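Undergrad: Below you will find the structure I want to go over with you.
The values are calculated or read from the model by the stated rules, or taken from the named source; none is laboratory data. Remember, predicted model here, so these are calculated numbers, not experimental data. Cβ coordinates were reconstructed from backbone atoms using ideal geometry, including for glycine residues, and neighbour counts include every protein chain displayed. With ligands, DNA and RNA removed, areas are computed over all heavy atoms of the protein, side chains included. Shrake-Rupley method; radii C 1.70, N 1.55, O 1.52, S 1.80 Å.
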Amino acid sequence: MKKLQIIGLLVFVLGFLIFSYIPFLGTYQLEKEMVEQKVKPEHTDAMVRILKPMFGIEYDSNFDFLADFNELFKEYNYDLKVRQDWDQVIWDDYAFILTKSASQGDVQETPLLFLGGSILVAVIGALIYILPLYKDEPEGIKNNGIYFSSMKSRGVLGIMTGAYLILFYVILYWFPEYMTNLVLMLDPVSKAISGNEASQWFLYGFIYTLAILVMGIRMFRKYKGNTYQTLRTGSVMFFQLAFAFLLPEILILLNMPWHDFKNIWPLDYSFFYDYRIDGMLSSGALGMFMLVWGIILIVLGVPVLTYIYGKRWYCSWVCGCGGLAETLGDPYRQLSDKSLKAWKIERYMIHGVLVFAVLMTLVTIVNYFMEFGLLGQATDQLHSIYGFAIGSAFAGVIGTGFYPFMGNRVWCRFGCPLAAYLGLVQRFKSRFRITTNGGQCISCGNCSTYCEMGIDVRWYAQRGQNIVRSSCVGCGICSAVCPRGVLKLENGEEEGRINEMPILIGNKSVSVKS
Amino acid sequence: MSKAGRKIVIIGNGISGITCARNIRKSDDQAEILVISGETEHFFSRTALMYIYMGHMKYEHTKPYEDWFWEENRIGLLKAWIEVVDFGNKKLLCHNGNSIAYDILVMATGSAPNKFGWAGQDLQGVQGLYSIQDLEMMEENTQNIQRAVVVGGGLIGIEMAEMLASRNIPVTFLVREKNFWDNVLPLEEAELINRHIKEHHIDLRLETELNEIIGDKVNRVKGVKTNKGETIECQFVGLTVGVSPNISFFRDTKLAINRGILIDEYFRTNIPSVYAIGDCAEFKEAPAPDRKNIEQVWYTGRMHGETLAHNLTSGKPQPYKPGIWFNSAKFFDIEYQTYGWVPPVWDSKLGSFYWEDKRGKICLRFIYENSNKKIMGVNAFGFRLRHEFFDKAISEGWLLDKVISNLDRANFNPEFYKPYHKAVLEQYNKEKGTNLQFAKVPFLKRLIGSRT
């Protein structure tokens, strides 16, 4: 490693450590005005009463602040619950927004300085490390030493990284009030784009997009000379930046509902929720377009494009989850389980989630037309179970947190209902396949090892069989790492796509059906 | 021929032996099948050994079948070295004294690296590379070394150079020939690989032979002397000067051997119920005019196994009749594929059309018969070609014109790869004064079809 790269790595670690320390900075002091400003009018009186003991007190840390806050708040609700006075219970979670308001100190005063000192420093460090990668080396496969790397083969560094990611997601989804300083430092950026203060979701989107962009540049370096990889990485970088990050914020600026035009139900599981439908219906022509476009994607986009190109058009060229997996997750792709057992579990799980998502949505739609009569409770229950178990725990905590343990496509492989839907089309009605080149396979195992979806590619290749699998996202890495030019991703005629009884070319004595 | 309860024992769990075992089981539900190897319990891909050293994979990734596969298919596995074969009593004697009876014996014992009696060839730090034990030894032998010397410019030699270079160990590569592997490759291809080897900072010494290996006081290698009188200091010497059939434990038995175990086109040895396949076998007559008596590549091993399995399970034994030759390799970053017959040098009966990309790392060579312009074979470097296409074109004796004007269909390069086939066609038209064109593909079809 060059000296410059080592410096880059150190700078990255420095920025990362600063980022991780920022939540512990500053003091917290809640005032009556803050509560009046941030809390819904119907709760203002109650909240002012509840939190009165905290007003004017300076807390040294958010832990102390939140300890008092939670105690007071719980006490209030607890009494009401005991009395079964359900209407008075405050279900809204004000912890995040009030902690953010109460935060005082350097981060609040100079947010951009902290943003620069943490995230920007980390990005610069990462780029100093990434840009010179493989600089003086010829184009080719750069997998040397992956299984000697602690980070990439479940060593201590990998485990620490996974643990950090899991912790980050748990805080983000369920305890965002502990990371208010991080959100605070993004306020100026958020205001510049949408005019609003930053939420934890803005922070998340910001880091997510940066991760895809920076690690996307790493992909350009690593797969230099491989046009397919370059184009598809460029594509996910574009869709994340434009469609997932900027456009929705601009919609907010225009007083429209937040909307990601490339997200498709059932991955976008809340698409048919009443607040989303109402939001779209009340947003004029553009809102109507969102609704119609979303439905076109579901009923036409997915089947037609998947028929022509396979599910890769979405999973490894457009999707945000796929985008992160293919960039940030690329160093971990070899960690996916290739066993037959894993494949069996995968099919149960991913189709189970699809069924869950479809049923939940049906109930939601019926409920919508019944005007929340019969199924109101059930719908809410289903939404909260799905949101917690699938939307947050599975897609987020496990989906990304498990990169260093089970590879970069855990969510896409075991959980994503859209991947399941795309996969069904790809398996049964598509022109896409990975063609095996006659009898040239030497069973080396590179293809299977580097398949992020855990497909045992070699099983097919060594028997001269084309690979047609519902889970294949068409990343093209098996083809890239194959040392003998055996695999090619292709769209072509449906005839002969699936060859159940392949014959290995080259032996004229007998025709062995594999 | 499926007699209930017969015991088929296969010595060697490489691609030949395992393919044979698998295919016997497919057609014979009854036979007892036992595969014996002292190297590993399970079948692994020998061609992938280099990737373990380079950290691309671990040993477990090189196993083409999961461990449950063998029990599921009732293929018995035994990890043992066979020391004596008692052909008279149909018995094998293992290193631990156990004896194993057989009804049918298949020998698929593979190869062993050549050593040509150099002074110092048995010093510590001097080795070949064939087995997993060799790989383990290489791991040990290359710890904290300053320089390695690889002797022998063939496929294993260049792999070893690549392996060492992946660990940033400086490599001096001694090649006896004028150019790398030029007893197989025509001049331009060999030179192309020469350049690529140097691009990887390998100290390539052409027309240089090993004279002796020098050791230190504790019998560890400390250098080599070349035939040019130069001494090169090194702490590791890779001897990769070819392999020979691994048949030492059949010496002094009544099994007929020459360089390998002598067999006919049905893989039968001179002893009834005893067969040999793969690297260790030597055909009494070459299977085809362009084939050697000893076939030592992955693909032939597989075909031997397939054919013998058929013969052992079907009433109609077939002689071994390989189709159009094909092979492949990878030299550092440059992939090589070949189909049909491409000799290193040729006389006026044959013609050659050669195209090389201007960056000098991609090329194609077509060999054709001069009298009728029919294609004989093709070499491809950095250019993936469709096996099915050339198997058909060569066996049907397509004219070179037809092959070239269908090159877009023969192209197996990844999507969005540069359309090199167009450059090939252009040069061909210029050289031959022809006006060949690829079939037009309608825009819509290009949009939904695969890009080539």
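Undergrad: Which lysines, if any, have their Cα less than 30 Å from the Cα of A:LYS40, not counting same-chain residues under 8 positions apart?
TA: Partners within reach: A:LYS32, A:LYS52, A:LYS74, A:LYS81, A:LYS100, A:LYS191.
Undergrad: Turning to a different aspect of this structure: Using DSSP to define loop residues, name the GluC sites (Glu not before Pro) in the range A:22-97 whose beta-carbon has at most 15 other beta-carbon atoms within 10 Å. Don't skip to the end; give the middle numbers.
TA: Working: sites: A:GLU31, A:GLU33, A:GLU36, A:GLU42, A:GLU58, A:GLU71, A:GLU75; in loops: A:GLU31.
Sparse-neighbourhood loop GluC sites (Glu not before Pro): A:GLU31.
Undergrad: If you average the alpha carbon positions of the range A:316-392 and of the range A:43-64, how far apart do those two centres end up, in angstrom?
TA: Using only Cα atoms to place each centre, the spacing works out to 38 Å.
Undergrad: Counting Lys and Arg as +1 and Asp and Glu as -1, each charge on the Cβ, what is the dipole of the range A:431-512 about the Cα centre in debye, to the nearest 20?
TA: 220 debye
Undergrad: Just going by the charge dipole of the range B:17-119, with Lys and Arg at +1 and Asp and Glu at -1 on Cβ, which of B:TRP118, B:SER37, B:TYR53 is farthest out on the positive end?
TA: B:TRP118
Undergrad: For chain B, give the magnitude of the charge dipole about the Cα centre (Cβ charges: +1 Lys/Arg, -1 Asp/Glu; no others), in debye to the nearest 20.
TA: 1120 debye
Undergrad: Moving on. Can you send over the carbon and sulfur percentage of the accessible area for the protein assembly as shown, probe radius 1.4 Å, protein chains only?
TA: Using a 1.4 Å probe with all protein chains present, the protein assembly as shown comes out at 58 percent carbon and sulfur.
Undergrad: Expressed as a fraction of 2.2 N^0.38 Å, the rule-of-thumb size for a compact globular protein of N residues, what is the C-alpha radius of gyration of the protein assembly as shown?
TA: 1.10
Undergrad: As I understand it, the dipole of the range B:126-241 uses +1 on the Cβ of Lys and Arg and -1 on the Cβ of Asp and Glu, about the Cα centre. Which of B:LEU239, B:ASN211, B:ALA165 lies farthest toward its positive end?
TA: The residue sitting most towards the positive pole is B:ASN211.
Undergrad: Expressed as a whole number of Å, what is the distance separating the alpha-carbon centroids of the range B:46-64 and the range A:424-454?
TA: So the two Cα centres are separated by 19 Å.
Undergrad: Now, a different point. What net charge is computed for the residues neighbouring B:TYR130, neighbours being all others with C-beta under 14 Å from the C-beta of B:TYR130, Lys and Arg scored +1, Asp and Glu -1? Intermediate results must be reported in sequence, preceding the final value.
TA: Details: positive: B:ARG46, B:LYS115; negative: B:GLU39, B:ASP134, B:GLU136, B:GLU159, B:ASP279.
Net local charge, B:TYR130 excluded: -3.
Undergrad: Pop out a list of residues from the range A:461-487 that are at least 20 Å² less accessible with all the protein chains around than in their chain alone; 1.4 Å probe, no ligands or nucleic acids counted.
TA: A:GLN462, A:SER479, A:PRO483, A:ARG484, A:GLY485
Undergrad: Kindly provide the trypsin sites (Lys or Arg not before Pro) of the range B:313-407 that DSSP labels as loop, not H, G, I, E or B, and whose Cβ sees at most 12 other Cβ atoms within 10 Å.
TA: When the trypsin sites (Lys or Arg not before Pro) of the range B:313-407 are filtered for loop state and at most 12 Cβ neighbours within 10 Å, B:LYS349, B:LYS358, B:ARG359 remain.
Undergrad: Explain nothing, just the number: dipole magnitude of the range A:108-232 about its Cα centre with +1 on each Lys and Arg Cβ and -1 on each Asp and Glu Cβ, in debye rounded to the nearest 20.
TA: With Lys and Arg at +1 and Asp and Glu at -1, about 640 debye.
Undergrad: Tally Lys and Arg at +1 and Asp and Glu at -1 over the other residues with C-beta under 14 Å from the C-beta of A:LEU182: what net charge comes out? Display every interim value, and only then the final one.
TA: Details: positive: A:LYS100; negative: A:ASP106, A:GLU177, A:ASP187, A:GLU197.
Cβ neighbours under 14 Å give a net charge of -3.
Undergrad: Another question about this same structure. Calculate the FRET efficiency for A:LYS341 and A:MET501 from the Cβ-Cβ distance with a Förster distance of 30 Å, rounded to the nearest 0.05.
TA: About 0.75, to the nearest 0.05.
Undergrad: Could I ask something else about it? Would you kindly work out the equivalent ellipsoid of the range A:291-399 from its C-alpha gyration tensor and give its semi-axes, the square roots of five times the eigenvalues, largest first in whole Å?
TA: Numbers: eigenvalues 172, 79, 37 Å².
After scaling each eigenvalue by five and taking roots: 29, 20, 14 Å.
Undergrad: Based solely on its DSSP helices, what 222 nm [θ] is calculated for chain A when runs of n ≥ 4 H residues each add -39,500 (n - 2.57) and the sum is averaged over all residues, nearest 500 deg cm²/dmol?
TA: -16000 deg cm²/dmol
Undergrad: Could you give the distance between the Cα centres of the range B:118-154 and the range A:70-133, to the whole Å?
TA: Taking the Cα centre of the range A:70-133 as reference, the centre of the range B:118-154 is 59 Å away.
Undergrad: Once you treat every alpha carbon in the range A:27-104 as an equal point and sum by Debye, what is log10 I(q)/I(0) at q = 0.17, 0.19 Å⁻¹?
TA: Log10 of I(q)/I(0), two decimals: -0.61, -0.75.
Undergrad: Helix-only mean residue ellipticity at 222 nm, chain B, DSSP H runs n ≥ 4 weighted -39,500 (n - 2.57), per residue, nearest 500. What is it?
TA: -7000 deg cm²/dmol, from helical runs alone.
Undergrad: Shifting gears a bit: Which residues of the range B:299-318 end up with at least 40 Å² less accessible area in the presence of all protein chains than when their chain stands alone, using a 1.4 Å probe?
TA: B:TYR299, B:ARG302, B:GLU306
Undergrad: Express the accessible area of the range B:326-448 per residue in Å², computed with a 1.4 Å probe while the remaining protein chains stay in the model.
TA: Accessible area per residue: 46 Å².
Undergrad: State the answer as a single residue: which of A:GLY474, A:ALA461, A:SER509 lies farthest towards the positive end of the charge dipole of the range A:459-514, with beta carbon charges of +1 for Lys and Arg and -1 for Asp and Glu, about the Cα centre.
TA: Most positive-ward Cα: A:SER509.
Undergrad: In addition: With θ set to phi - 60° and the Karplus curve 6.51 cos²θ - 1.76 cosθ + 1.60, what are the ³J(HN,Hα) couplings of the range B:356-363 in order, to the nearest whole Hz, using x for Gly and Pro?
TA: 10, 5, 5, 7, x, 10, 10, 8
Undergrad: Could I ask something else about it? Using DSSP to define loop residues, name the trypsin sites (Lys or Arg not before Pro) in the range A:372-479 whose beta-carbon has at most 16 other beta-carbon atoms within 10 Å.
TA: Answer in residue order: A:LYS429.
Undergrad: Then there is this: What's the total accessible area buried between chains A and B, using a 1.4 Å probe, rounded to the nearest 100 Å²?
TA: Working: alone 24450 and 22000 Å², together 41130 Å².
Summing both sides, the interface buries roughly 5300 Å².
Undergrad: Let me ask you something else. Where only protein heavy atoms count, and the probe is 1.4 Å, what is the accessible area per residue for chain A in Å²?
TA: Normalised by residue count, the accessible surface of chain A is 42 Å².
Undergrad: How big is the Cα convex hull of the range B:301-366 in projection, averaged over all directions, in nm²? Let's see the in-between values first.
TA: On the way: hull surface 27.7 nm².
Seen from a random direction, the Cα hull of the range B:301-366 projects 6.9 nm² on average.
Undergrad: Provide a list, ordered by number, of residues in the range B:375-399 showing at least 40 Å² less accessible area with every protein chain present than when their chain is taken on its own, using a 1.4 Å probe.
TA: Residues shielded by partner chains are B:ARG384, B:ARG386, B:HIS387.
Undergrad: Here's a follow-up. Averaging sequence separations of C-alpha pairs under 8 Å and six or more residues apart, then dividing by the length of chain B, give the relative contact order as a whole percent. Walk me through the numbers before you get to the answer.
TA: Working: 935 pairs, mean separation 59.0, N = 452.
Across chain B, relative contact order equals 13 percent.
Undergrad: Rounded to whole Å and sorted largest first, list the principal axis extents of the Cα atoms in chain B.
TA: That works out to 71, 63, 43 Å along the principal axes.
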